[in-house]
Amino acid sequence: MAATRADVARAAGVSPSTVTYVLSGQRSTRSSTRERVMRAVRELDYHPNTAARSLASPGLRTAGVLFRRQRSTIDANDLDYVDGVRRALEPSGIQVVIPVMTSSAPLIELRSLVRSGSLGGVVLMDVAQGDDREVMLLDEEIPTVLIGSSGRAVGAPGIDTDFVQMAHASVEHLAGLGHRRIIALMRETTYDDAHARQDQAHELLLAAGDLGVDVLVRQVPELALACGDIVGADGLVEGCSAVISNNPAAVVGLACAAQAHGLSIPADLSVLTLGVTEYRGRQGESFSELSVDREAMGAAAGSLLLARLRGEPDPVERRRLMPAFLRDRGSTARYRSRGADAKPPGSSHDLPDSTVSVRR
């Protein structure tokens, strides 16, 4: 059985709090006392609980929410997760911060930050397959929780979106309104390997096959001007009638381009966002959205981190999935033909090179 702080205290003839003071350096102690404590630590092969020490130490009552450096922005949707983490941790006196990695070697910078004692625990965002940040944090014995999944069999526990359910619900919603050809306007993944970005597009294609709907995937940068060529005076290209998007900047650009061509949402095209809240350009009007409760997910991650800081056992279910639900804000409507000259679902003409089509 592993030695405890109380065992060390008895062997050294001191109080348990004195053992803490010696090991943490929080208070000065006599050299003879330090020698007795350290001798007992060596003889008993005592290994302090790093997580519990982080929670107990006034100098380590800070938790970081870490985004990846590839991010061009951190927007209001991201801050919903942070607000949830704060809601879970701040009542226990733990301050939540968002460290910004600015160097060309962010992993080295993160390691330096950790070893400085600035972070007592971490919630990782934008988690990638085999995420090297998770590996480093676990090696440094920093209590860590994921919002996402790294695919590691033995790694940090986490909370994640049920992307299978999200994709199926989004395609099913539009298919139920009669839309048979849909453009998926997605964030570019060339330089962003976060599994959430990869999973959303992949699961949309699988859901489309199951439901007999054509989904044309277009990955574009997070820029308002990135998608002006997918809509014209006759509507969306390739006879599509609806858009699903996880790209907030591009979907705003789409709405502006549609308006410039005299089209309206949802009368001429339906728009549904995935996991993001974005405004349509008119005061107080947002796109209909399929997403998890982001603040609730952040709070769940924060509660899981708090349990780790307290040294509690990890949950048996190391990856908990949260379902997405529809927030209907009126940007989707039943499919409507644009007249005799309209292209019916199923017609085709060339799409831009970055578009991928999956048909049954």
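The values are calculated or read from the model by the stated rules, or taken from the named source; none is laboratory data. Note that the structure is a prediction, hence the values are computed from the model and not measured. Neighbour counts are summed over all protein chains in view; Cβ atoms, including those assigned to glycine, are modelled from backbone coordinates with ideal geometry. For the accessible areas, the whole protein counts, side chains as well, though only heavy atoms, and no ligand, DNA or RNA atoms are used. Shrake-Rupley method; radii C 1.70, N 1.55, O 1.52, S 1.80 Å.
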Margin query: Residues that are in contact with a helix residue (DSSP H, G or I) (Cβ under 8 Å, 6 or more places away or on another chain) and assigned to a helix (DSSP H, G or I): does region 271-286 have at least one?
Written below: no
Margin query: So in region 1-50, with the set limited to residues that are more than 21 Å from ARG308 (Cα to Cα) and among the basic types (Lys, Arg), which one is modelled with the lowest pLDDT?
Written below: ARG27
Notebook entry, point to check: Could you count how many residues in region 251-268 are touching a residue at least 12 places away in the same chain (Cβ under 8 Å), more than 20 Å from ASP328 (Cα to Cα) and either hydrophobic (A, V, I, L, M, F, W, C) or outside any loop (DSSP other than H, G, I, E, B) (or both)?
Noted result: 6
Next item on the list: Filter region 237-270 down to the residues that are out of contact with any helix residue (DSSP H, G or I) (no Cβ under 9 Å at 6 or more places or on another chain) and crowded, with 18+ Cβ neighbours inside 10 Å, then identify the one that is farthest from ALA224 (Cα to Cα).
Entry: GLY239
Check: Do the conditions hold for LEU119, that is, is it at pLDDT below 90 and buried (at least 22 other Cβ atoms within 10 Å of the Cβ)?
Finding: yes
Check: How many residues are surrounded by fewer than 23 Cβ atoms within 10 Å (Cβ to Cβ) and assigned to a loop (DSSP other than H, G, I, E, B) if we restrict to region 126-141?
Finding: 5
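Would it be correct to say that ILE98 is in contact (Cβ under 8 Å) with a residue 24 or more places away in the chain, open to solvent by 30 Å² or more (accessible area, probe 1.4 Å) and either within 20 Å of the chain's Cα centre (by Cα) or under 25 Å from LEU223 (Cα atoms) (or both)?
The answer is yes for ILE98.
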Margin query: So, in region 142-160, how many residues would count as being open to solvent by less than 10 Å² (accessible area, probe 1.4 Å), closer than 13 Å to ASP126 by Cβ and part of a strand (DSSP E or B)?
Written below: 3
Notebook entry, point to check: Can you name every residue in region 167-184 that is outside any loop (DSSP other than H, G, I, E, B), open to solvent by less than 10 Å² (accessible area, probe 1.4 Å) and in contact with a Phe, Trp or Tyr (Cβ under 9 Å, 6 or more places away or on another chain)?
Noted result: LEU174
Check: Taking interchain pairs and intrachain pairs at least six residues apart, which have beta carbon atoms under 6 angstrom, with the first residue in region 138-164 and more than 21 Å from VAL85 (Cα to Cα) and the second open to solvent by 10 Å² or more (accessible area, probe 1.4 Å) and in a loop (DSSP other than H, G, I, E, B)?
Finding: GLY151/GLN129
